[in-house]
Amino acid sequence: MQRHSLQDGQKPLTGTATIASRPPLWASFLLLAILGLAFGIRVWGIGFGLPHEITYEQLTYEEVKEVHRAFKLAAGEYTWAFGKGGLYYLLFLEYGVFYVLSWILGWVKNTQDFALWALRDRMVFFLIGRVTVALLGTLTCLVIYKLSERFFDWRTALGTALIGATAYYHALFSSVINVDIGMVLALYSSVLAYCQYERTQQRKWLVVAGILGGVAGAFKLPGLVILPLLCAAIWTCRETWAPTRRRLQDMGWVLVTLLVTLTAVAPEWLSGFGILQREFAFLFGTPAAQTTEQVALFNAVEKMTVKSSSPDALSYVDRLFQPQNIVLFISACIGACIGLWQRQRWDIIWAVLIIVFLGVMSLGSRGQPERYMLPIFPALWLLSSRALAAVSQRHWTAMAVGLLCIVMLPSAMLVRHAHEKTQPDTRLLAKAWIETHIPSGAKLLLDGTRYRFIQSPPLQPDPSTVDRLSRRVTDASDQGMRVGRGVSKRALSLYQQAMKDIDGPTYELHSTVFGIQVKDLQYYVQNCFDYVITSSYITRRVFNPNHQARFAKSIEFYQQLEVDPRFRPVYEAKPVRWQSSGPVIKVYEVDSACRAQPPQSRS
């Protein structure tokens, strides 16, 4: 294998390492088996929670949002949101094909029937989206294999593909609908296209790299890290060291094609830089304060959910020391040291990318580091492969042992997760108990969002609940407030129509709105609430030490709920390893004078 290093005095034949030999036929079958394993891990239990909106071991609000964005695009009422393009286009095309097939087979009569079908039973629509993301995740493993094959050899590349196939966070998020996995695929596909440019010196591959980079940025904002990455690769490529003008021309091609693609796929980026001011307020200053109640609620919800709740700037780095990542991180550090010692160009680029990316994200206010770290994990796989490649030159057995150590623990955790995903989670267990023991029409307070109850048991709302939510959306829209990518007046109108055909008990549902919009317990007694249902997805955020000052009223509410004799705990569902997952669900019966009246007769 030809080594490409910065200290090499001779000009290499190509800009990247060349492959010493073509892989034998059995290696191709082994690669297919690894890709099959990657896809199998990502689709094992992929129907988790359906037909309800429930996700495993993670609270993602994006599934229904991305599905609704595809429908809103088809309806011509799409509202652009910066940094979230790409996936809904794929879903739009897939749902379009599915609609044509459904219309031909007589399953639906028109587009409204199709939309009502999606609202009544989201099973097939969510499965289409989840399988799509699983395929994107599997293709990422193939792209990383091709990159590793270029940088090392086909044997090491097989190990890299196996690391990617069993990567914990990547596999976990590849089983739900989200934009992160597509962003990672486009990002590293752009790097692969650029490597092809270095090898062939054909500018069409440079254009392809820029296009894929634009797609990565359109999927999600962190994907734009591809621009400095490609610029670093162009500037350090020995093929273009002389003259400087050639390097600048190549950077220009990448920049222009990236921006053109980004504008074509996600034109909202032209007016979306306000997000940078919000996320990096320490650099750009805090945006001007607005005092409306809706704005205050929106800011509080962001603080409770997507904003970082820890002042520790190393919160992102901490994730690398978790059990499922620690061996990978250590091997990647060893690989980075080897690459630095040997002055391997791409290893240095990967190491700098990881350090800078983690530094920038740690300085921002965005929480949920597991998702925002996804762009750097394939770089960790490749650096880890550098360590494996160095070991394999002397001891193949040691390489196999090292590879086993890297994949063993995340694989075991993924197997446990996959098994648990085949079982009902705590929200479904609580739903079954509630519908058996609580009469239809009861008035319930649940932990939930402004418009949904994904954190709590998926109970069916009664008509009054749907009407109230519809009025809330109308009021927010009239005030110019953002109501979310998955919510609109027309969607709620269709939802009202779909709810007329729902079987089973329905309830008057009221949301705590992330535990923020709660009142004194006496209010719920006087206003004839029958039960209060809490979810640890909410309570653990409320009781976060960093939230105590901001959400003192919420903390007091949940603390009093545990000791007030008028709120009697009657049911609790807890997750059990290898049996069930989900939040801790608690149901409290409210003791009030209204209980003597049937729910339907109360005013």
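General remarks:
- Close amide H pairs (under 5 Å, H built 1.01 Å from N) link Tyr571 with Val587, residues at least 5 positions away or on another chain.
- Pair-distance distribution P(r) for region 329-413, from all Cα-Cα distances in 5 Å bins starting at 0: 3, 14, 22, 21, 18, 13, 7, 2, 1, 0 percent.
- Given Lys65/Lys431; Lys72/Lys220; Lys146/Lys204; Lys443/Lys586; Lys65/Lys109; Lys72/Lys109, the pairs whose alpha carbons are separated by over 21 Å: Lys65/Lys431; Lys65/Lys109
- Value of Rg/Rh across region 509-572 [Cα atoms, Kirkwood radius]: 0.94
- Accessible area in the full protein assembly, largest first, 1.4 Å probe, for Arg69, Arg468, Arg247, Arg566: Arg566, Arg468, Arg247, Arg69
- The coefficient of translational diffusion for region 92-202, derived via Stokes-Einstein from the alpha carbon Kirkwood radius under 37 °C and 0.692 mPa s, stands at 202 µm²/s.
- In sequence order, region 127-138 has phi-based couplings of 5, 4, x, 5, 5, 4, 5, 4, 5, 4, x, 5 Hz under the Karplus curve 6.51 cos²θ - 1.76 cosθ + 1.60, θ = phi - 60°, and Gly or Pro positions carry x.
- Converting the Cα gyration tensor eigenvalues of region 346-467 into ellipsoid dimensions via √(5λ) gives semi-axes, longest first, of 47, 22, 8 Å.
- Overall Cα dimensions of region 153-270 - principal axes, largest extent first, Å: 46, 43, 19
- When peptides 22-31, 330-339, 156-165 are ranked by their average number of other Cβ atoms within 10 Å per residue, the highest-first order is 156-165, 330-339, 22-31.
The values are calculated or read from the model by the stated rules, or taken from the named source; none is laboratory data. Keep in mind the model is a prediction, meaning the values are calculated, not measured. Virtual Cβ from ideal backbone geometry, glycine too; neighbours counted across all protein chains shown. Quick note on the areas: whole protein, heavy atoms, side chains included, nothing else; ligands and nucleic acids left out. Shrake-Rupley method; radii C 1.70, N 1.55, O 1.52, S 1.80 Å.
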